Each structure stands twice: as C-alpha cells, then as structure tokens.
1. For an R0 of 35 angstrom, estimate the FRET efficiency from the Cβ-Cβ distance between Leu18 and Lys86 and round to the nearest 0.05.
2. For the pair Glu61 and Phe26, what calculated FRET efficiency results from E = 1/(1 + (r/R0)^6), where r is the Cβ-Cβ distance and R0 = 22 Å, to the nearest 0.05?
3. Output wanted: per-residue J couplings in Hz (rounded whole) for the stretch 45-52, from phi through Karplus 6.51 cos²θ - 1.76 cosθ + 1.60, θ = phi - 60°, x for Gly and Pro.
4. Using θ = phi - 60° and the Karplus form 6.51 cos²θ - 1.76 cosθ + 1.60, what ³J(HN,Hα) does each residue of the stretch 18-25 get, whole Hz, x for Gly and Pro?
Amino acid sequence: MKNTFKDILGFGMGSAMLAKEVAEDFVDEMIKTGNAKNEQRALLVTEMSGRAFETLKDYEENFKTKFGEIASELNLATKSDIDELKEMIKDLKKSQEVSSSEE
C-alpha cells in the first residue's frame, strides 16, 4: 500500500514536470506567433509551472485527506494505532518479566 501511495505521488511529480515542459512549449509558441516577447519567457514559464505545482500540491493534500477518510471508514489501523499497540506489548512484556523474576 505504501508503495502504491509513493507511485501515485511520483506520477503526480512526473505530471508536474511534464506540465513545465508543456508550459515551455506553449510559451515558445506564443513567442513565435507574436503573442509574447522573448523577454517574458522565463516569467511566463515560471507562472505556468508554478500553477501546475500548486495544483499538484492541492491534489496531494486532497488525496491524503480522502485516503485518511477511507481508511477510517474501513477501520484500518493507523500508524499511531500500531505504535500504541507496540508500546502496550512492550509494557506487557516488561510486566511479565517482572512477574517471572518475582516467582
């Protein structure tokens, strides 16, 4: 499951990089047709790719929120639940060791 999540985020980052390339191509075409000046290229590409990264960031946040909601609905254990259980097991083992040594 963790790898799937990383794959999805990796896909998102790849999409953002592709968006930057598309923005560069689009701005180059605007310059060729006279709709933008060459001096504006860097600014336009930065603005367009910045929007793409912001959209990606929003997508990731929405995905994490939705994933958390689904995990909650399915009663899946969270990392904190598992950490809490590990701590309880550790305490029980210590308690058992103390009881064994007292006998």
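1. 0.30
2. Working from the Cβ atoms, E equals 0.25.
3. 5, 4, 4, 5, 6, x, 5, 5
4. Values, residue by residue: 5, 4, 5, 5, 5, 4, 4, 4 Hz.
A short reminder: the numbers here are calculations on the coordinates, not readings from a lab. From a predicted model like this one, the values you see are computed outputs, not experimental measurements. Positions of Cβ are backbone-derived with ideal geometry, glycine not excepted, and every protein chain shown enters the neighbour counts.
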